[in-house]
Structure formats: structure tokens, C-alpha cells
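The values are calculated or read from the model by the stated rules, or taken from the named source; none is laboratory data. Keep in mind the model is a prediction, meaning the values are calculated, not measured. Heads up, the Cβs are rebuilt from the backbone with ideal geometry, glycines too, and the neighbour counts pull from every protein chain shown.
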Amino acid sequence: MPTMNIIEAVRDALRIEMRRDQRVVVLGEDVGKFGGVFRATSGLYDEFGADRVIDTPLAEAGIIGTAIGMALYGMRPVPEIQFGDFIFPAFDQIVNELAKFRYRSGGQYPCPVVIRTPVGGGIRGGHYHSQSPEALFIHTPGLKVVAPSNPYDAKGLLLACMRQNDPVLFMEPKRIYRASRGEVPEGEYTLEIGKAAVVREGTHCTLLAYSGMVSIAEEAAKKGEAEGVSIEVVDLRTLMPYDIDTILASVKKTGRCVVVHEAPRTCGFGAELIAAIQERAMDHLEAPILRVTGFDTPFPYTLEHEYLPNADRVLGTVRQTLEW
Amino acid sequence: MPTMNIIEAVRDALRIEMRRDQRVVVLGEDVGKFGGVFRATSGLYDEFGADRVIDTPLAEAGIIGTAIGMALYGMRPVPEIQFGDFIFPAFDQIVNELAKFRYRSGGQYPCPVVIRTPVGGGIRGGHYHSQSPEALFIHTPGLKVVAPSNPYDAKGLLLACMRQNDPVLFMEPKRIYRASRGEVPEGEYTLEIGKAAVVREGTHCTLLAYSGMVSIAEEAAKKGEAEGVSIEVVDLRTLMPYDIDTILASVKKTGRCVVVHEAPRTCGFGAELIAAIQERAMDHLEAPILRVTGFDTPFPYTLEHEYLPNADRVLGTVRQTLEW
Amino acid sequence: MVAVQMQDDLRRVLDDEGKLLQGVKVPQLSEDTLGQIFDVMLMVRVMDDRMMRLQRQGRLGFYMKAIGEEASHFAVAPLRPTDWVFPSYREQGAWFWRGYTVTNFINQLFGNELDPVKGRQMPVHHTARDLNLVSISSPVGTQIPQAVGAAHAAKIMGKDDVAMTFFGEGTSSTGEFHVAMNFAGVYKAPVVFVCRNNGWAISVAANRQTAAKTFASKAVGYGMPGIRVDGNDVLAMIQVSTEAIDRARGGDGPTLIEALTYRVQGHSSSDDPSVYRDPHEPDAWEKRDPLNRFRTYLKHIGLWSEELEAGITERHNQAISDALAAADKLGPPPIESMFEEVYEEMPWHIAEQRDWLLRQARTKSPHAH
Amino acid sequence: MVAVQMQDDLRRVLDDEGKLLQGVKVPQLSEDTLGQIFDVMLMVRVMDDRMMRLQRQGRLGFYMKAIGEEASHFAVAPLRPTDWVFPSYREQGAWFWRGYTVTNFINQLFGNELDPVKGRQMPVHHTARDLNLVSISSPVGTQIPQAVGAAHAAKIMGKDDVAMTFFGEGTSSTGEFHVAMNFAGVYKAPVVFVCRNNGWAISVAANRQTAAKTFASKAVGYGMPGIRVDGNDVLAMIQVSTEAIDRARGGDGPTLIEALTYRVQGHSSSDDPSVYRDPHEPDAWEKRDPLNRFRTYLKHIGLWSEELEAGITERHNQAISDALAAADKLGPPPIESMFEEVYEEMPWHIAEQRDWLLRQARTKSPHAH
Ligand SMILES: Cc1ncc(C[n+]2csc(CCOP(=O)(O)OP(=O)(O)O)c2C)c(N)n1
Ligand SMILES: Cc1ncc(C[n+]2csc(CCOP(=O)(O)OP(=O)(O)O)c2C)c(N)n1
Ligand SMILES: [Mg+2]
Ligand SMILES: [Mg+2]
């Protein structure tokens, strides 16, 4: 099996689907000849031409607005937003339009647009190249939100997204775009949207993580193991709809839970997970569910390593639940 | 003391502050001669003229973008977004700009803009005249979010907002704009931002509510009383920063809690309240904290009365925590 | 300085008295087509009138009239059925022209169990996929880039479909207008932009919406032609629209049409224009009423009679009465429908919420009638 | 059809050889001022060079050069200190002209404890309130409506301050550009829009950004003058800017200036333009280099000598070396500072998070050097 990093896995998924399905087009700023600032679409312009790998003018609202029109007409656009931080000029098109088309038209107009965008910190990009805005979209009925943590999942999930009929926000962990390498099957395969993966089994505490935080959670689990703490790590993979069954099964088994995400804490996705778990599994909980998250400040530049959750903090927080 | 409804209270606060402080201007669509589609600025144009009561072209990004520039220059703009549902074209200006100016400039540029906008359902407005987007803004570091439920609070909080130096999203419950009437002192007074109010004492369960849901919570409490259930109702009033002390004191007293909001459930503000409470008061909780909220669907038209939380559902959910 | 000279001539075909002007291009329309246009124009007038009365009686939640602007709707007349329309909320005529039924129209207004959009949107927010009439949205301007996307998609897929989108002059101030026009220019997308300049955006007059001399002149910034047309002259509308559609279909790219018209009445059933505009302002426009002008024209060419019009009006009134009577017997959409079609398949959490709601006691809508 | 005739003449003062053209308006500048302009232009060149080298050595995280575009920055020269500037990320010259120090510039790049923005923004995102230079933001275009707001505020408050804002031609595609231009037109706000048309927006060429003939022509749609100027001719920049500022201050409203220039190198230190553009494309622009042209002009009028330039360069280099040496001794901002100034007063939850973090073991930044 070939080894790929996340960028290569994403590109592979795009290429496979564009070959298979004429309706798939990618569009965005610099995605054409340049192949995207992270090179995710590199080579596609040469293979598929300017009609299917479309450089757009600099306007995110235009990228998503036109992608919606293309999808309504019958295509399967896969727009790229260059950084998750620049998605907000398109916010109205995404939350008021894209997410609502099927519903508000009485089911007449599905709108299968898959928005790809790199998210998260760790590349010294400061506030405007580091944000993790997933909670805003999870709170938006009508959108699916997918957040893979490794190349294998990225490819399988992206292929799955392009083959279903709902709008998706596909968030790619830019920090590990190249650092995360792994075996990725050639050719087609899809992973089921809405399914989490238990990436490490354990008995003392459950760690819920996704995107760039899964490797941090795994690191914490490894450290924990050395110190006799047995941690189960669940990679959520899909955030909307999230996999309540896998989550509950794990928490019921361990009785303890810590959620890890990069986004600011308050009203982050961690809050929802905690609320949902305690509603359903209160009597299994041996301790409060705690969070290790980004702080409720804008994402800083110089101190980003202080801002970002790390394995020590995660393990320390797990210990806190154990000692409760 | 005069009696006012919420619209009148808001208008009174604006008028008082515009008389007192030359730097205060209001701007927005139809706020001028027309006085706003809900008439909140009615009469201000005649008193303060076109320079301070500014009809804008139809562009929310322009309204907020120019308001930011005015605030940087030294004014105190109070823009109106005609409906909370139309705030999204300005989302980038609000979350990436307004909320971040003080921080990203190293404290050099505070940006005191108070955005007023009517939110919530109950006026048969369908999806695009009914949304409750508070969670998106609570999740945005740098913004304050204020959500009064009655005329007295509306006036006192709006005056307080216009006299402090952080950006605020001031959400007005349009459903009870006119229905909620009460005594409101003439002239100046301010209420502290960040302070909740226990609007009804009780011992069995705490209801946390805000904006248009406070009256529903009170109705449920009244019904409960008749049936021997003693419910404490907390009106949060400020959602960011929210009043953790008052909340915890109440929950520790009652041991049970239900959160009520109109917004969709998943990743709504209720999730954060639950997460924060269970982190800090797990050992006082006799039951899981439950939510009565809008559903995770777009806000519907015909069935809005089915969509919106009502007193029976709230009381039923309180009972569920009692029977747990 | 970029000096710009505008030929600000308004394209017209009929004069204010409904007579054909000399030396102008006239659309080639059969007698049948002329009759159909009149029929649909009357339908809009009758429908608006009836619905507003219902609204005033408290039987309908909300309505938006198009009185005085009906001619502008006929920009769609030269389209093929396979072409696409991305409307705003004030183009009833475009819907009826393309075959939207009175029954669907009225069921949508009531949001009842036969409403094509299942009671999910407020009145006047129609959708008709079978007619390539895309779902209306309240936030203004959002449809404009969507129309460009559909047009561009047609081009990429090698089809010769055209997309047309409507919006008010106030909506030209939105960011969406700009990004859409700009994309369309760059891609030479086969799209026609119809800006209904009816003078008002709720309470804001058109001259407070932009400092540009005309809305058509905005086309300059996007490298496309801008055409200004008398929007109360249905033949002129059809003529310029034909030209724009031909350009688009022929691969010559987009066109901006500014249709100069007037919002004779309030913005919507919730509005009272007397608060913000001179109550006599509409007077000047009454004599330029598009229906009158077209009627006079038909009379001149022998295609109109009082009986003819009475017959059509009667037929429309009857159709409306029938639809209302049928609607009266209908209930709201089933509660379950509120949870459906958020996604193609219902995810667990929505199913859970649906099941919970179905277990609750039913309450009566305060608005049911 | 709105026929538009453009006088697409580019405003120029110097020819490509740095000679004064005949019959054009020439800005009245003292010898001192001419010297200062040359001084600041050299500073930009020297700074860009030094910083890019640091970046290549891995000592600086990120940098954005303005090489070849320096003349366009001098649109700010005719402003008063009380006027406001809303820059994008590529107008170093504007900062130095207004008095921003090399020390502040370099401390900002390193985000160290003396960084005026406290290590909170990535390199090249400066702020200088004392100079009315507003905080730079990465999302492009956001500053444009803000500039309009400041200008309009000045007008309302009866001050005669002017606001100037800079942005690239790619940024003219954003919705923010449109809403800002439109508001400015309607309010006749005293604002000057400077569009640096440097031919590229990262990898996208200007002719794929819009179908308009020129960026200046976009002014038509907003009822304001659009001026196209040779952006590599510092005297022409200052001349047209003076006119626009005078218009604004005189109450005649906004102006759009398109400064035609060229991005000679990559978009930023992260970019490699050879992937997407002809490596020979910059050649044509080399001979129109704004520094060369201005140098030749100064030579013609006897204000330049090799020693003079060597002296200035040496002084700038020294100032940079000094600032770098001082910066080398500085640490990062204190951890507490990360939690400050989110709000004027720190709310409980942020204080709680700060206290928690301070209790954690310190880890070393992987990027510390
Ligand atoms: C984004 C957005 N902002 C505000 C509104 C509220 N609103 C509804 S219609 C309208 C005026 C629209 O005027 P115009 O575009 O001229 O269309 P007309 O109503 O005249 O047909 C406004 C401000 C809205 N629907 N959407
Ligand atoms: C809203 C937004 N979208 C995308 C980006 C990514 N980006 C940064 S600079 C740039 C190109 C800007 O080009 P232009 O406006 O011509 O300015 P120049 O870099 O040429 O000076 C892009 C796409 C951004 N910063 N902000
Ligand atoms: Mg209008
Ligand atoms: Mg550029």
C-alpha cells in the first residue's frame, strides 16, 4: 500500500472522484495552475482543465454562492476556502443558504456542496490562519461537518462526502497536513460518515478528540500508559452528526471523560459532547467531564504553543478526573 | 413610574444616551425617518437629525464595517441589524474584526460598538425572521452578548452597554417587543453587565432562561407551583460573560437544572451552561441537566408553535429531572 | 480621471399612452403571446388584490404586492422552459408565466399540508423545481451568485441554458450583488441580471442607495453591458430581455438590465409608506401603470375588449376562489414533516427530537384559523 | 445600453527614464521632502531585503515584500498627521513615512515582549495608534468599510480629517470593497481608496480578477471619480493623491485611485511564483522600477549622489542591525498577556483559564530561537 500524507490523500480522493464523475469540479482561490496554497489541488488543473479546476476571483461569498448554483444545476462542486479563517465572508451563503436549501424548498432542491478548508493552529499563522470554527457549523442545522485526523480517514471520508447528497464542511488539520503520514489504499474506498473510531483502547478514562488533537490525545494516552493510566482515545471523525453510540459505549466503560479541542472553550463542541453525555449516561459518570481546549481569547501568534492543548495538559486533566 | 414596552424602553435608552453623549449615533436600514421596521428608533431622526440617525444602504457588512471605523475614530455607534437573521453578511466584520480589534492591536484600538438586533421566533416570520444566533457570538472571544427579557432590563442594560468600551451584541426579544410591559424609571440608570437575576425563587429545580424564554420559564414555574413543584427561575440577562456565581448558587441549592432556549439544541448556549455547571457542581447534581430548546432543524413557518419551547414542555422536563 | 459618458437613454417601445414608438426595436410576438402576457399581468393584479384583502382580514399572515411592477416580471418571457430563474420575492408574474399554479401559489401562502415547501417558509417564498424556479430566500441578494453558478455550470456542462435572476435596486448594495456580477464577468457566464429599480427599499429611496447615476452603470465595473429599460413597458422589457438572453446563449456573456419601475404601494403587508414618503409620489406613476399601457396598446391593435378582460378577470377570480376553498379544507403539514429533509436521511439526534415532540401533548397554534 | 467611453490615460509625471513629462501637473515638493521620499523608499528596499534574508535563514517566521511597489505607498505623503490610514499588509513605506520606527517594525515581526501588538499577530500586522495607522488584518478588504466609517465620523464630528485606505486589486473582488465604495459614495465621505494593482493576487492574474477594463472604472458604479496612475512613479502618485485628498477635505467626497504597479517577487515568503507565472514576466517591469526612476529624477535635478545614497543605505542598515541586536535580547511577551485585552476588564472565565495555564508546566515553543 502506498504511504501518503493528508494533502496527498485529499488530492488522491479529488482525482479519483473527478475521473469517475464528470459533475465534480473544484473551485477556489489559487486552486488552478498553482494547485492551492497547500498544494491540495496540485496537478488537477493539468489533468482536468480550467473548466473543472476553477480559479476564482477573491471572494469567498462568490465561491460558495456560485458553488450552490452549480450544485442546484446538477454538478458536484468541491469549493476550497483557502483558510478556515476566511470562511466568514461566505457565512451567510453557508448557514442561511447552503444548509437550508433542501429543507426550505420542501425537498425539491438538495445542494450537495463539499467545502474543503484547512483549520487549526500550529503553523505560526497567528489569529487569522489558525482558527477552528467547527462549533459554528455544527450549530447550523442542515450541514454535515467532517474532521479527519489522518490520511486514511481523509481520503475515505472525502470520497464518501462527494458521494452523498448533503452539504458538508470538510475540515482539514493543516498543522499535520504533511506530518501525518500513513498507509492509504490505492483507488476507491469510502468510510461511513457519522462513525467515530476507537483509536486506542483503555479503561480508566475516555478521551474524545478530532482533527489535529487526535495525535495529542494519543500522545497523552501513551504517556499515561507509562504511568499506569489506561486511556481510551476516540477519534470522532464526523462532528455532525456525531457518533453518540461509540461515545456512550466508551464513557460507560471508563466512567470518565475528557474532551480535547483547539477551538475556544466557551460554546465549543466540547460543551455539546458533555451536555449530551451527561444527559444520557449520568449514572455511569465517576467524575465531571472536563475539557482541554483553546482559551477564550483570540488565537495568539508568539504564544501559540501555550495556547494549544498539549499531551501534558491532557494527561493532567485526565488525572484530575481520576482523582475526583 | 411610567410603563413601557421593550421597544419604548430601548428607544428611551437611545434617546437618553444620544442627548448625553454627542458621540452616540445610530445607523442601519430604515432607522431614519421611518424609525426602524419595529419602530425602535422612531422619533430619533426628528430630534437628532440625519447625521446621528443614519439610514444606510442595504448592506449589513457595510453597516458594521463603517460602525467599526466610526468607533475607532472616537464615536459610539449603535448599529441596528434589522433582523438577527440578516446579521450573517456582517459575520466576518463582527467576529474577525470588531471582536478582535482591541486584542490584535495590543490594546491600542478599543472598538465600542453596540449592535442591536431583534431575535427569536413567535411572530410567524419563518426561518429568516426567527433565528436565535447567540451561541455563534458567545463562542467569539472579544464580544459581549446581552439578552434582556423585559423593558426594565432592556433600558438599564442598553444604557450600560453604551457606556462601556467593549463591543456588544444586544439581542432584543422581538416576540415580546410590545407584549412585555412594565414599570421603567424615567431618566438614567444602568444595570451591571454580567449579572443574572433570580426572578423567582424555588427549591426543587433551577430553570435557566433568557430573552423570550424567561416568560415561558416563569409560566412553567407558576404551573409547577400549582402542582407542588417549586421552581427557581434565573434570567441570565448577560450571556457573555455569563453569571456563573448566580447560576451555581441556584443549582447547588436546588440540585437540579433545566436550560431553556429557542435556538437549536446542538452546540447551543445550553450546552455550555451544562458543561460549566457539571464541571463545578457535579456533586450537587441529583439528576442530569436537561434542555428544552428549539429543534435541530431550520425554524419552520406553519409549525412554529410546535417548534418553540412552551411551559408544558418545560414543566414536563423539570418533572423528568425530579423523577430521575 | 476615467471620464465616463453615459447614453442614459431609457429603452422604450410603448409611450405612456400605450402607443408604439417610432424607430425602436419591437419584440416579435404572436397575438397569442400578447394575449397570454395580458392574461398573466391581470392574474398578478387580481391575485395581489385578493391576497391583500385576505391579509387585511387576518386570514393570511403576510403578503407582498407587485402592483405597478408587473411588466418587469416579463423579462422571463423569452426564456426557454429549460432555462433557470432565481427570483426575489416580488416577481409573481414570472411564476405564473412559467406555469406555477394558483393552487400551489395559495397553498404556499397558507403553508398548509399541500404547500410545495411543506409549510417551512413564510408566505411568498415559493419553489418550483419542475419549472426551474429556484427557492426564494428572505435574505436579499443571496440568489444572485447562485444564478451565476447555475449559468456557469450550464456552460461547463456544454448545455446552452441561461440563468436569469431578479433583485431590487436596494439589493444592488449588498456584497452578493458585487461578487456575483464580478464572477459572471470573469467567467462570461450566460446569466441575465434583472434589477427592478422600483425607487424604494422599504423606506430608503433609490438615491440614498447609491451615488451612481444609474444602476445600469454599475455594469461598467464588471465589464458587461448595462441596459436601462422602462420597466413599466412590457414590450420593452421583453425586447431587452430577448437581446440579453441571446447574448448569454450565444456565448457573449452576462448583461445587467435595470428596469425602471415604481413600488406603488407598501413594501409588504406589514409596511405603511405614509410614514416615510410623500403620499402623492405614487400619483405620477399611476399614469405610467404598466397594465394600463399594455391594455391601451392591445386596444390599438384590436386585441382588447372589455368583455375579454372581464372574462379573464372572472376566470382568475374563480381560480383563486376555488383554490382558497380547497385550501380551507386543508390542515397544517404533519408534525413529523418539521424534522424531515434537514438532511437526506434523518440523523439520530433529529429522530430523537421528533420522537420526543410526538410524545408531548399537542397545543393549538395561536395563529390557526 | 450604457455606452461608456474611458479616457484610459494613465496619469504620469516621470517617464520610464525618470525625466519629467511635459504638460502634466507636477506636485510641488521641497528639496527636503524629495530627499525624505528617497530616504523612505530606500528604507523599504533595505528592510525588505534584510528581512527576507532573515526569513530564509529561518530566523523570522514570515515576511511580505513590497519590492517594485514602493512608490504607491507615497499616496500617504500629502496627508496630515491627523489624517487616518487603513492599510493592507504591503505598504511598509506608508508606515515609515508617518514615523513608525525600525524598532517597532522589527519587534512586531518577532512578536517579542516589546512588539507594539504584544505578539498577538503574525509578522507584518502592525498597529500604530499614535500615527493614526490602524491595525492590519489578514482577511483582505475588511479595512475598506472601516476607513469609510472613520471618514464619515470625521465629517459628522465636524473635523476635516481624511481617511485613506490601501488594498490590492484582488481585494476589489470582495464584498467589502463594494459596500465600502457604495457607502462612501452615498455619504460623500472624505476617504481616498488606493487600489494597488500589482498584477497578481497570489497566483491569480489581474485579468482573471475582473472583466472590467480597468480597476479605476469601478468608480463609475459608485458615483465617484476613478483615477488611474502610474504606481511606479512616485511623483505621479503624490500628485493624484494630493488631488484626491483635497477633494475629500473640501467636501467633494471620495476618490478611487488605481495605482498600476507590479509585484516583482513572490506574494510572501511562503510563495514561489515560478509555479504559476512566466519567470520572465518581471523583466519588463525592472526597467520601470520606481526607485530607479526616482533616483534618476533626483540625479537630473542634482539631488542625488552615490555617496548620498550609500550614506542613507548605511544608516538604514545600521538602524536595522541595531534593532535586530536589541530584539535578540528580548523574550516573548509574558504568558499573562495572552489573556489580557480580550475585553477591557478580564471576565471571570478568562481569569480562570489564565490561572489554570499558569499552574501548568511550561513547555518550550518548537519555534523559539
Ligand atoms: C440581507 C438582508 N438584509 C435586510 C433585509 C430586510 N429587507 C427585506 S426587503 C428589504 C428592501 C429591499 O429593497 P429592494 O432590493 O429595492 O427590493 P424591493 O423590496 O424594492 O422589491 C430589506 C432591507 C433582508 N431581507 N435581507
Ligand atoms: C478574505 C480573505 N480571503 C483570502 C485570503 C488569502 N489571501 C491573502 S493575500 C491574497 C491575495 C491578495 O491579492 P491583492 O488584493 O491583489 O493584494 P496583493 O497581495 O497583490 O498586494 C489572498 C487570496 C485572505 N487573506 N483574506
Ligand atoms: Mg426597491
Ligand atoms: Mg495584487
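Pick from D:180, D:153, D:184: which is outside any loop (DSSP other than H, G, I, E, B), away from chain C (no Cβ under 14 Å) and touching a helix residue (DSSP H, G or I) at 6+ places or on another chain (Cβ under 7 Å)?
Exactly one of D:180, D:153, D:184 is outside any loop (DSSP other than H, G, I, E, B), away from chain C (no Cβ under 14 Å) and touching a helix residue (DSSP H, G or I) at 6+ places or on another chain (Cβ under 7 Å), namely D:153.
If a residue must be among the small types (Gly, Ala, Ser), farther than 30 Å from residue C:184 by Cα and outside any helix (DSSP H, G or I), how many such residues does the stretch D:228-252 contain? Even if it seems obvious, please write down each step before you answer.
From the stretch D:228-252, those among the small types (Gly, Ala, Ser) are D:231, D:236, D:241, D:244, D:248, D:250-251; that's our starting set.
Cutting the leftovers down to farther than 30 Å from residue C:184 by Cα gives us D:236, D:241, D:244, D:248, D:250-251.
After this cut, where a residue has to be outside any helix (DSSP H, G or I) as well, the list is D:250-251.
Total satisfying the criteria: 2.
Conditions (1) among the charged types (D, E, K, R); (2) in contact with a Gly (Cβ under 8 Å, 6 or more places away or on another chain); (3) more than 25 Å from residue A:272 (Cβ to Cβ), marked per residue:
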| residue | (1), (2), (3) |
| --- | --- |
| A:164 | no, no, no |
| A:177 | no, no, yes |
| A:185 | no, no, yes |
| A:195 | yes, no, no |
| A:213 | no, no, no |
| A:222 | yes, no, yes |
| A:227 | yes, no, yes |
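Being part of a helix (DSSP H, G or I), among the small types (Gly, Ala, Ser), in the same structural domain as residue B:74 (by TED's automatic domain parsing) and in contact with a helix residue (DSSP H, G or I) (Cβ under 6 Å, 6 or more places away or on another chain) narrows it down to one residue among B:154, B:160; which is it? Show your work before the answer.
On the way: B:160 fails: in contact with a helix residue (DSSP H, G or I) (Cβ under 6 Å, 6 or more places away or on another chain).
None of the others qualify; the one that does is B:154.
Return yes or no: is residue C:14 under 23 Å from residue C:283 (Cα atoms) and touching a strand residue (DSSP E or B) at 6+ places or on another chain (Cβ under 9 Å)?
On the way: under 23 Å from residue C:283 (Cα atoms): yes; touching a strand residue (DSSP E or B) at 6+ places or on another chain (Cβ under 9 Å): yes.
Taking the combined requirement at face value, the residue satisfies it.
Going by the structure shown, is residue D:162 away from ligand 1 (no atom under 16 Å from the Cβ), touching a Lys or Arg at 6+ places or on another chain (Cβ under 6 Å) and touching a residue at least 24 places away in the same chain (Cβ under 8 Å)?
On the way: away from ligand 1 (no atom under 16 Å from the Cβ): yes; touching a Lys or Arg at 6+ places or on another chain (Cβ under 6 Å): yes; touching a residue at least 24 places away in the same chain (Cβ under 8 Å): yes.
Yes.
Can you go through C:171, C:127 and tell me which one is among the hydroxyl-bearing types (Ser, Thr, Tyr), away from ligand 3 (no atom under 16 Å from the Cβ), under 22 Å from residue A:100 (Cβ atoms) and touching a strand residue (DSSP E or B) at 6+ places or on another chain (Cβ under 9 Å)? Let's see the steps before the verdict.
Working: C:171 fails: away from ligand 3 (no atom under 16 Å from the Cβ).
Of the residues listed, the single one that is among the hydroxyl-bearing types (Ser, Thr, Tyr), away from ligand 3 (no atom under 16 Å from the Cβ), under 22 Å from residue A:100 (Cβ atoms) and touching a strand residue (DSSP E or B) at 6+ places or on another chain (Cβ under 9 Å) is C:127.
Inspect all residues belonging to the stretch B:219-232 and state whether any of them is surrounded by fewer than 24 Cβ atoms within 10 Å (Cβ to Cβ), more than 10 Å from every other protein chain (Cβ to nearest Cβ) and of a type in the set (Val, Ile, Thr).
yes
I want to confirm something. Restricting to the stretch C:190-227 and keeping residues that are part of a strand (DSSP E or B) and more than 10 Å from ligand 3 (Cβ to nearest atom), which single residue is surrounded by the fewest Cβ atoms within 10 Å (Cβ to Cβ)?
Applying the first criterion (part of a strand (DSSP E or B)) to the stretch C:190-227 yields C:191-197, C:200-201, C:204-205, C:226-227.
Adding the requirement that they be more than 10 Å from ligand 3 (Cβ to nearest atom) leaves C:191-194, C:226-227.
On the way: C:191: 34, C:192: 31, C:193: 31, C:194: 28, C:226: 27, C:227: 22.
The residue in question is C:227.
Just give me the residues in the stretch D:165-187 being among the acidic types (Asp, Glu) and free of Cβ contacts under 8 Å to residues at least 40 places away in the same chain, in sequence order. So that I can check it myself, show each step before the final result.
Looking only at the stretch D:165-187, we keep the residues that are among the acidic types (Asp, Glu), and these are D:169, D:176.
Answer for the stretch D:165-187, where residues must be among the acidic types (Asp, Glu) and free of Cβ contacts under 8 Å to residues at least 40 places away in the same chain: just D:176.
Which one is farthest from the other protein chains (Cβ to nearest Cβ) among residues in the stretch A:107-140 that are over 22 Å from residue D:139 (Cα atoms) and under 17 Å from the mean Cα position of the chain (by Cα)?
So in the stretch A:107-140, the residues over 22 Å from residue D:139 (Cα atoms) come out as A:107-114, A:138-140.
If we keep only those that are under 17 Å from the mean Cα position of the chain (by Cα) too, we end up with A:113-114, A:138-140.
Details: A:113: 10, A:114: 14, A:138: 5, A:139: 4, A:140: 8 Å.
So the residue we want is A:114.
Here are the criteria: (1) part of a strand (DSSP E or B); (2) outside the structural domain of residue B:11 (by TED's automatic domain parsing). Tell me which single one residue B:172 does not satisfy.
Every listed condition holds for residue B:172 apart from (2).
Taking the residues in the stretch A:24-77 that are touching a residue at least 40 places away in the same chain (Cβ under 8 Å) and assigned to a helix (DSSP H, G or I) as candidates, determine which candidate is farthest from residue C:84 (Cα to Cα).
Taking the stretch A:24-77 first, the residues touching a residue at least 40 places away in the same chain (Cβ under 8 Å) are A:24-31, A:36-38, A:40, A:64, A:67-68, A:70-71, A:74-77.
Now restrict to residues that are assigned to a helix (DSSP H, G or I): A:64, A:67-68, A:70-71.
Values: A:64: 19, A:67: 16, A:68: 14, A:70: 12, A:71: 13 Å.
In this case the residue turns out to be A:64.
Of C:82, C:103, which residue is touching a residue at least 40 places away in the same chain (Cβ under 8 Å), among the polar types (S, T, N, Q), assigned to a loop (DSSP other than H, G, I, E, B) and more than 9 Å from chain A (Cβ to nearest Cβ)? Reasoning before the result, please.
Numbers: C:103 fails: assigned to a loop (DSSP other than H, G, I, E, B).
Being touching a residue at least 40 places away in the same chain (Cβ under 8 Å), among the polar types (S, T, N, Q), assigned to a loop (DSSP other than H, G, I, E, B) and more than 9 Å from chain A (Cβ to nearest Cβ) holds for just one of C:82, C:103, which is C:82.
Just to verify a result, which residue in the stretch D:166-177, among those that are in a helix (DSSP H, G or I) and small (Gly, Ala, Ser), is nearest to residue D:84 (Cα to Cα)?
Looking only at the stretch D:166-177, we keep the residues that are in a helix (DSSP H, G or I), and these are D:170-173, D:175-177.
From the residues that got through so far, the ones that are small (Gly, Ala, Ser) too are D:170, D:172-173, D:175.
Working: D:170: 23, D:172: 21, D:173: 24, D:175: 22 Å.
Filtering the stretch D:166-177 for residues that are in a helix (DSSP H, G or I) and small (Gly, Ala, Ser), the one nearest to residue D:84 (Cα to Cα) comes out as D:172.
Hey, can you tell me all the residues within the stretch D:247-289 that are over 30 Å from residue D:61 (Cβ atoms), away from ligand 2 (no atom under 16 Å from the Cβ) and either touching a residue at least 12 places away in the same chain (Cβ under 8 Å) or in contact with a Phe, Trp or Tyr (Cβ under 7 Å, 6 or more places away or on another chain) (or both)?
Residues of the stretch D:247-289 over 30 Å from residue D:61 (Cβ atoms): D:247-258, D:260, D:280, D:283-284, D:287-288.
In the following step, the residues that additionally are away from ligand 2 (no atom under 16 Å from the Cβ) were identified as D:247-255, D:280, D:283-284, D:287-288.
Those that are over 30 Å from residue D:61 (Cβ atoms), away from ligand 2 (no atom under 16 Å from the Cβ) and either touching a residue at least 12 places away in the same chain (Cβ under 8 Å) or in contact with a Phe, Trp or Tyr (Cβ under 7 Å, 6 or more places away or on another chain) (or both): D:247, D:248, D:249, D:251, D:252, D:253, D:254, D:255, D:287, D:288.
Go through the stretch B:20-36 residue by residue and tally those that are facing another protein chain (nearest Cβ under 9 Å) and surrounded by fewer than 21 Cβ atoms within 10 Å (Cβ to Cβ).
3
Report the residue count in the stretch A:53-89 for those that are over 15 Å from residue C:148 (Cα atoms) and either touching a Cys at 6+ places or on another chain (Cβ under 8 Å) or β-branched (Val, Ile, Thr) (or both).
Counting residues in the stretch A:53-89 that are over 15 Å from residue C:148 (Cα atoms) and either touching a Cys at 6+ places or on another chain (Cβ under 8 Å) or β-branched (Val, Ile, Thr) (or both) gives 4.
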